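Below: the structure, in C-alpha cells.
The values are calculated or read from the model by the stated rules, or taken from the named source; none is laboratory data. A quick note: this is a predicted structure, and the numbers were derived from the prediction, not measured. Reconstructed Cβ throughout: ideal geometry from the backbone, glycine too, with neighbour counts over all protein chains shown. Only protein heavy atoms, including side chains, enter the accessible area calculation; ligands, DNA and RNA are left aside. Shrake-Rupley method; radii C 1.70, N 1.55, O 1.52, S 1.80 Å.
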Amino acid sequence: MSLKKLLSCLAFGLLLTAPAAEAADVLELTFRRTGTAASSVTTTATGIDGVTATLKSASHQFKNSTASVTPTILCPDVNGNSSPTITLEFELTGLPSSFTVEDLNFDIHALNSGGAYQQSDDNKSRQFNVTAQFNGTTFGSLDDIDIAKNVNTSGAERHQVWTIQADEPATPSSPLTLKVTITKGTSNEGCFFGLSSIRFNTPEPEVRPFEPAAAIGQASSFYYIQSPDNQVLDNNMQWIAKRPDPAAKWYFVGTSNADGGYQIVEAENDTPINGGAKYVVTRGETQGLYSFVDTENNPISLGGATEFLFSNFRSRNAFALASQLYTFPCGNLGSIYVTSATVSSIQGFADLHYPMATSDGTAITYPQAAKPTERYTMLSRDHATVTPGDFNVAISLSKAPTDGLRTFLYFDWDRDGYFEASQEITGEQDMNATITVPNDAVLGESRMRIRLTDNGLIEADDDVNGQVIDLFINVVDASGAQIAPTVKPNAENRGTATYDEATNMASATALGTSTFLYWQEKTRVHSLEASCEIAPACTPRTFVAVFSPNLEELSAIDRVTIDTPDNSASINVDGRIINVNAATDVRLILIFGLDGSLKLSGNGCNTLDASTMPSGIYIVKAITATGSATSKVTLH
C-alpha cells in the first residue's frame, strides 16, 4: 500500500458513523543524529505502543549536518557512482504477535557531495537499488529507482516516498532485525542517498462498519440502517424519521466477509431477513456509504435502497423522551472552541447570544467566550424565538478549524427528547447557516445543539473530541393575535412602569432617590433607556423596570440588598471627602455607623463630602452600575 493510499484510507475512515473494523496502527521509524557514527543516531518508533527501535550498525559514516542534511536524515557519506554497498541494520522490539507488514515506505532524499539537494533537471541518471530483509529473509526490493527524478530542490517536494511492495504480507517475529541494503543501480552519475523515515504499512482490514454478534439473540451492539438524508429503515422495510424506535433497531450476525458474510437481523423480534441469508458488506459507490452484496456480488435492496450507512442505536425510555431529557455527550474538550454564537429570533424578539450579553450601565456588549474547562456547556437562561420558516445561526471559533474538525447543528422539532434533525456547516472560523423550522414543528421550548468534533462521529449523542453547546429555542405561532407586554417595576417603592399601547412605548419613572438602571425580560437586559419601544408580540411577555434602592426608604445598612461585588470599584478618604473610583457610573454612596444606621448619603456622583460628620469609624458602601463595594473608613 502506498503512503498516498494509506493516508486516503485513514481520511476515509473518519467518515464512518459506527465503529468499523479499525485499521492497525502504522509503525514509523524516524531518526535524530548528533554525529556521524551509527552510535550517534537515536531511532524513534511511533504508531504502536511499546515498540522500540535501534540502529545497530551502518556500513559507512554519515555526512555531517548541513542546511539540507538535517540531523533527521541518515546520509551515508559515499557517492552512489562509486558502486558502494551500503547497509543499515535496525533492531525492533516489543512488536505484537499479530504484527503484519504489507509494504514499506522509504522517505528518500537525493543529495549531492556538498550536502545540498541534488538538481533534477540536468538529465543525469541517479539510480539506486534498495532491498529490505526481515530476520534474514528478503521482504522485497526496489530496482533502479532514480531518486532525484522529478523532485523540486527549491520547493516543498524535495524528496519522495518510495514503496517496497511484498508479494505476500509478512508477519515477522519480535525482536525484528530490519536490514536495508542500498547499492548502485544500472546508471548512477553521482548522488548521495538520504533516508528520513521508514513506515511499516499493514494490510487494510475488511470492511465492517459494525460490531457483529456471534448468534441470533446474542447481540450487544445495535444499529440504525440509515439513508444519507437521515431516514432510518424499520422492520417493515420502510424509511422513517430517525428516532429511538424499537422497530428501527438492527444487528448483524457473523464473523467476517471471508467466512460468508453476515445475517441482517431486526432486533425487535430477533428475526433475520430473507430467511437468514448471509451477505458480504462492501463500500458503496458513494463515499461514506455501504452495500450488502449477495453470492453473485449483486447489491441487495433494503427498502428500495442499495447504499446506506450505519449509526449506533441508543435505547431511550419513554419517560426520558417525554421529559425532553437529552443524552449527555461523553468525550474530551478540544483545542479549538466556540467564542460566540448567535441565533436569530423573529421580529420583536431579541436574538440569543452565547455568551449572554453584559451591561456596564452605559451600553450592552456581547463578549467573546474564553476557553471552557469542560467539553459541555448548556445556556439555559435565555432562548431564541422562532416560527416555521428560516432563521440564522452564526458561529465563531477561536481559530480556523483544523483538517477533520467538523461543526454540526442538531434540532428536536417534535420536542420528544431526541435530536431528529441535523445540519453540518462548512468549516470556517466564522460560519453562518440558514435553518428551516418545519411547518409541523411542535410549539414550545425545545433544544438545539452545537457540536464541534474531529473524531469522525456525526450523531448528536456520539462521543465528542471538541465541544458541545446546548441552547434553547422557543417555537411560536406568529400568525395569532398580537399581545401587549406586561410591564412592572422591580420594587413598588423604587419606581413605576407604564406601557402605552398606542405608541408601543414603555416608560419607567424612579421614585425618591432611586435611579432607573435598565429594562429586563427574564434574565436578559432589554434596554438601558427609561423610555423604550416594545412591540406587541404573539406570546405574553413581561418586562421589569429595574431601579436602584430608594434611600428615602432606607434607615439601616441591612436594608441595602445590592450584593453583587464590583471589583473595579475602590473607596478612599481624602480628609473628609469620600472618593469612589469605578469603571462604571457611581449611583449611590452610603455612610453607615458601626451600629448599622444610615448617617449620610449621596446620589449620582463619585464623591461625598462628610465634613459635617463627627470623627469616628464608619462603613462606606458604594453602589455602581454593575454592583457594589464596601470599605471601613476613619474620619479624623
Of the criteria (1) in contact with a strand residue (DSSP E or B) (Cβ under 7 Å, 6 or more places away or on another chain); (2) modelled with pLDDT under 95; (3) surrounded by fewer than 21 Cβ atoms within 10 Å (Cβ to Cβ), which one residue 122 fails: (1)
Residue pairs, Cβ under 9 Å, 6 or more apart or interchain, first in the stretch 192-206 and of a type in the set (A, V, I, L, M), second crowded, with 22+ Cβ neighbours inside 10 Å and not in a strand (DSSP E or B). List them. 195/73; 195/75
Cβ contacts < 9 Å: first residue without any contact (Cβ under 8 Å) to a residue 24 or more places away in the chain, restricted to the stretch 438-460; second residue assigned to a strand (DSSP E or B) and open to solvent by 10 Å² or more (accessible area, probe 1.4 Å), any location; separation 6+ or different chain. Result? none
Given the condition loosely packed, with under 15 Cβ neighbours inside 10 Å and modelled with pLDDT under 95, answer yes or no: does some residue in the stretch 460-474 qualify? yes
Answer with yes or no whether residue 39 is open to solvent by 40 Å² or more (accessible area, probe 1.4 Å), out of contact with any strand residue (DSSP E or B) (no Cβ under 7 Å at 6 or more places or on another chain), at pLDDT 95 or above and of a type in the set (Gly, Ala, Ser). yes
So for the stretch 368-387 (the condition being over 27 Å from residue 584 (Cβ atoms), of a type in the set (A, V, I, L, M), out of contact with any strand residue (DSSP E or B) (no Cβ under 7 Å at 6 or more places or on another chain) and surrounded by fewer than 18 Cβ atoms within 10 Å (Cβ to Cβ)), does at least one residue qualify? no
In the stretch 442-459, the residues that are open to solvent by 10 Å² or more (accessible area, probe 1.4 Å) and assigned to a loop (DSSP other than H, G, I, E, B): 442, 443, 454, 455, 457, 458, 459
Scan the stretch 309-322 and tell me whether some residue there is open to solvent by less than 10 Å² (accessible area, probe 1.4 Å), touching a strand residue (DSSP E or B) at 6+ places or on another chain (Cβ under 6 Å) and not in a strand (DSSP E or B). no
So residue 189 fits all but one of (1) more than 21 Å from residue 27 (Cβ to Cβ); (2) crowded, with 19+ Cβ neighbours inside 10 Å; what number is the exception? (2)
Consider residue 201 carefully, then state whether it is under 30 Å from residue 73 (Cα atoms) and either in contact with a helix residue (DSSP H, G or I) (Cβ under 8 Å, 6 or more places away or on another chain) or surrounded by 20 or more Cβ atoms within 10 Å (Cβ to Cβ) (or both). yes
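One line per residue, one yes/no per condition, for (1) more than 30 Å from residue 411 (Cβ to Cβ); (2) part of a loop (DSSP other than H, G, I, E, B); (3) open to solvent by 20 Å² or more (accessible area, probe 1.4 Å); (4) without any contact (Cβ under 8 Å) to a residue 60 or more places away in the chain:
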| site | (1), (2), (3), (4) |
| --- | --- |
| 218 | yes, yes, yes, yes |
| 240 | no, no, yes, yes |
| 260 | yes, yes, yes, yes |
| 280 | yes, no, yes, yes |
| 295 | yes, yes, yes, yes |
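Taking residue 265 as the residue in question, decide whether it is more than 15 Å from residue 224 (Cα to Cα), open to solvent by less than 70 Å² (accessible area, probe 1.4 Å) and touching a strand residue (DSSP E or B) at 6+ places or on another chain (Cβ under 6 Å).
Working: more than 15 Å from residue 224 (Cα to Cα): no; open to solvent by less than 70 Å² (accessible area, probe 1.4 Å): yes; touching a strand residue (DSSP E or B) at 6+ places or on another chain (Cβ under 6 Å): yes.
Criteria not met by residue 265.
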Residues located in the stretch 196-231, provided they are farther than 22 Å from residue 252 by Cα and out of contact with any Gly (no Cβ under 9 Å at 6 or more places or on another chain): 196, 197, 198, 201, 202, 203, 229
Pick from 57, 65: which is among the hydroxyl-bearing types (Ser, Thr, Tyr), open to solvent by 60 Å² or more (accessible area, probe 1.4 Å) and not in a helix (DSSP H, G or I)? 65
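Can you name the residue in the stretch 603-634 that is part of a loop (DSSP other than H, G, I, E, B) and of a type in the set (S, T, N, Q) and is also least open to solvent (accessible area, probe 1.4 Å) among such residues?
626
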Tally of residues being part of a loop (DSSP other than H, G, I, E, B), more than 20 Å from residue 113 (Cβ to Cβ), in contact (Cβ under 8 Å) with a residue 24 or more places away in the chain and open to solvent by 30 Å² or more (accessible area, probe 1.4 Å) across the stretch 153-186: 4
Kindly indicate which of 230, 235 is of a type in the set (S, T, N, Q), closer than 30 Å to residue 297 by Cα, open to solvent by 30 Å² or more (accessible area, probe 1.4 Å) and modelled with pLDDT under 90. 230
Which residue out of 128, 134 is surrounded by 14 or more Cβ atoms within 10 Å (Cβ to Cβ) and out of contact with any Lys or Arg (no Cβ under 8 Å at 6 or more places or on another chain)? 134
Search the stretch 575-599 for residues that are open to solvent by 40 Å² or more (accessible area, probe 1.4 Å) and pair each with any residue that is among the aromatic types (Phe, Trp, Tyr) and at pLDDT 85 or above when their beta-carbon atoms are under 7 Å apart and the residues are at least 6 apart or on different chains. 598/592; 599/592; 599/618
Residue that is farthest from residue 535 (Cα to Cα), among those in the stretch 342-367 that are surrounded by 15 or more Cβ atoms within 10 Å (Cβ to Cβ) and free of Cβ contacts under 8 Å to residues at least 40 places away in the same chain: 355
Any residue at all in the stretch 512-524 that's closer than 28 Å to residue 378 by Cβ, assigned to a strand (DSSP E or B) and of a type in the set (D, E, K, R)? yes
Failed criterion for residue 407 (all others in (1) in contact (Cβ under 8 Å) with a residue 60 or more places away in the chain; (2) surrounded by 16 or more Cβ atoms within 10 Å (Cβ to Cβ); (3) polar (S, T, N, Q) hold): (1)
Looking at (1) hydrophobic (A, V, I, L, M, F, W, C); (2) over 29 Å from the mean Cα position of the chain (by Cα); (3) open to solvent by less than 10 Å² (accessible area, probe 1.4 Å), can you tell me which one residue 210 breaks? (2)
For the structure I just gave you, tell me whether residue 524 is modelled with pLDDT of 90 or more and of a type in the set (Lys, Arg). no
